1. Here are ARG55, ARG25, ARG73, ARG66: which of them is free of Cβ contacts under 8 Å to residues at least 12 places away in the same chain, at negative phi and basic (Lys, Arg)?
2. Which ones in the range 124-179 are small (Gly, Ala, Ser), assigned to a loop (DSSP other than H, G, I, E, B), in contact (Cβ under 8 Å) with a residue 12 or more places away in the chain and surrounded by fewer than 20 Cβ atoms within 10 Å (Cβ to Cβ)?
3. Being surrounded by fewer than 15 Cβ atoms within 10 Å (Cβ to Cβ) and at pLDDT 90 or above: is that true of GLY2 here?
4. Filter the range 34-54 for residues that are at pLDDT below 95 and closer than 30 Å to SER105 by Cβ and give the result.
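The values are calculated or read from the model by the stated rules, or taken from the named source; none is laboratory data. Quantities reported herein were computed from a predicted structural model and do not represent experimental measurements. A quick note on method: Cβ atoms are made from the backbone with ideal geometry, for glycine too, and the neighbour counts reach across all protein chains shown.
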Amino acid sequence: MGLAQLQPSYTVEEYLALERAAEERSEYLDGVIYAMAGESEEHGDISVNIAGELRTQLKGQDCRARLKDTKVRSGPIPNLRNATKGLYSYPDVVVICGERQFHDSHRDVILNLTVIIEILSPATEAFDRGEKFDRYQFWNPTLSDYLLVSQDQPKIEHFIRQSNGSWNYAVYRGLASQVEIKSIQCTLKLSEVYDRIVFPPESADRISLTEASAPKRPITKRRTKR
């Protein structure tokens, strides 16, 4: 989903007040508010597919999946009324485990995320890979897994936090692949994640080749999308 800058120099308090009264969602980064553009059909289908798979597998667990209307704080507690530091975002899919922790009494900003899943789009891919992930991993200590899901090919990138604070990386390609999220005891089959998705013609050869020679272990070398 694309972002469009609205206006700089809002405090966190001002942003939250505006957001709670607004009909459209917007995100916040260090004093700047960004309007969120609409999603593509592929983005919507992939989001629902992932949430559906997680909901089924999380039954009986102390974890729950939420879609794109769950706001997340990735920044310090704004102790001062004029505080402007922090990221307030709406990940595409999140998983929350245990008792939920909230930013304030409004109970609409979550602090303790276990899994965040972002579906990449041309307008936001650089932000999802860069500044947003930096904020997520630094300010959300409960976050154990970060997944980036491509729209134009069957590909999921999985970042996993290790006990020493470092992050491992794996990439899964092809509809025959599956991603295991051990922290929540769930598995995402790419054939289910991409159900109803028709890939561009130029992806056909790449998809067929990947499925024909799919490795039994995830690739651990980082590769750039496209």
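1. ARG55 is the lone residue from the list that is free of Cβ contacts under 8 Å to residues at least 12 places away in the same chain, at negative phi and basic (Lys, Arg).
2. ALA176
3. Against the criterion (surrounded by fewer than 15 Cβ atoms within 10 Å (Cβ to Cβ) and at pLDDT 90 or above), GLY2 does not qualify.
4. Within the range 34-54, TYR34, ALA35, MET36 meet the criteria.
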